[in-house]
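**Q** Here it is, the structure, as structure tokens.
What follows draws every value from the coordinates through simple rules; no lab data is involved. Bear in mind the structure is a predicted one, so any value in this text is a computation, not a measurement. FYI the Cβ positions are ideal-geometry reconstructions off the backbone, even for glycines, and counts take in every protein chain you see.
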Amino acid sequence: MANELQGKKIAILLAPVGSEQAEFEEPKKAVEDAGATVDVVGLQTGDAQTMNSDVNPGDTFTVEKTFSEVSADEYDGLIVPGGTVGADNLRGSDEAVNFVHAFFEQAKPVGVICHGPWTLVEADVVKGRTLTSYPTLQTDIRNAGGNWVDEEVVTDQGLVTSRNPDDLPAFCSKIVEEFAEGKHKDQRRSA
């Protein structure tokens with residue numbers, strides 16, 4: 001469905017260094033192929049160094065807008081890639097955390113993969129939610145009130161999560177579906 005997301009605008013986060021390349025590149029391509037316009041949002045504009053398997057440098061990509069230049073109001077959905085260092089950089093930024101939280105307040109769909117749920121924990125939006133992540137985050141998610149499960153892709157009222165790059169085909173398919181559906185009123189319940 002090439003035009004499933006026609007007219008939709010999606011934000012995808014990218015840390016200055018450390019976001020997992022495949023978890024950034026493949027979801028971005030999936031939503032663009034479905035017709036969405038995508039803005040790459042980060043802590044600073046310019047080149048950002050991605051990683052492969054957290055330790056091998058990947059390609060560089062351009063961050064187009066900073067958190068101070070955008071608002072969740074402008075977007076129909078959000079993608080948060082993983083990567084240990086990248087996710088840690090994002091969760092350490094109040095601007096990034098507030099941006100993520102705003103999508104839940106506005107009941108907009110959010111797709112998060114691998115270590116990306118660290119930003120959800122910091123944004124205090126996992127309480128009462130069922131989600132997955134890279135396995136080492138399960139204690140963080142449970143301590144924040146979430147229900148962690150070990151599944152390829154989990155959808156909970158507009159929140160789509162997956163564990164790692166192996167899950168990208170299922171993750172990409174499900175985020176396109178959720179973004180096409182639009183707002184999910186129960187997304188607000190954890191905000």
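**Q** Grab the DSSP H runs of the chain that are 4 residues or longer, score each as -39,500 (n - 2.57), total them, divide by all residues and round the 222 nm result to the nearest 500 deg cm²/dmol. Show your work: numbers first, answer last.
**A** Details: 6 runs with 59 residues, N = 191.
Mean residue ellipticity, 222 nm, calculated: -9000 deg cm²/dmol.
**Q** Moving on. What order do you get for 12-24, 49-61, 176-188 when each peptide is scored by the mean count of other beta carbon atoms within 10 Å, highest first?
**A** 12-24, 176-188, 49-61
**Q** Further question: First measure r as the distance between the Cβ atoms of Val70 and Lys185, then evaluate 1/(1 + (r/R0)^6) with R0 = 25 Å and state the FRET efficiency to the nearest 0.05. Could you put the intermediate results ahead of the total?
**A** On the way: r = 24 Å, r/R0 = 0.94.
Computed FRET efficiency for Val70 and Lys185 comes out at 0.60.
**Q** Moving to a separate point now. Just check the chain against the gyration tensor rule for me: Cα atoms, a ≥ b ≥ c as the square roots of the eigenvalues, rounded for a/c under 1.5, and otherwise prolate or oblate depending on whether a/b exceeds b/c.
**A** Details: a/c = 1.22, a/b = 1.05, b/c = 1.17.
Taking the square roots of the gyration eigenvalues as a ≥ b ≥ c, the chain is rounded.
**Q** Rounded, prolate or oblate: pick one for region 66-130, where a ≥ b ≥ c are the square roots of the eigenvalues of its C-alpha gyration tensor, a/c under 1.5 means rounded, and failing that, prolate if a/b is larger than b/c, else oblate.
**A** On the way: a/c = 1.57, a/b = 1.14, b/c = 1.38.
It is oblate, given that a/c is not under 1.5 and a/b is not larger than b/c.
**Q** Which lysines have a Cα less than 29 Å from the Cα of Lys29, not counting those fewer than 8 places away in the same chain?
**A** Straight-distance partners of Lys29: Lys8, Lys9, Lys65, Lys108, Lys174, Lys183, Lys185.
**Q** Where the centre of each part is set by its Cα atoms, how far does region 29-54 sit from region 129-175, in angstrom?
**A** 20
**Q** In region 1-102, what percentage of the DSSP-assigned beta bridges are antiparallel, given to the nearest 5? Write out the running numbers ahead of the final one.
**A** Numbers: 6 of 18 bridges.
Around 35 percent antiparallel, to the nearest 5.
**Q** Just subtract the alpha-carbon distance of Gln157 and Asn98 from 0.36 nm times their residue separation and send over the number in nm, one decimal.
**A** Values: separation 59, 0.36 × 59 = 21.24 nm, distance 2.01 nm.
Contour length minus the Cα-Cα distance gives 19.2 nm.
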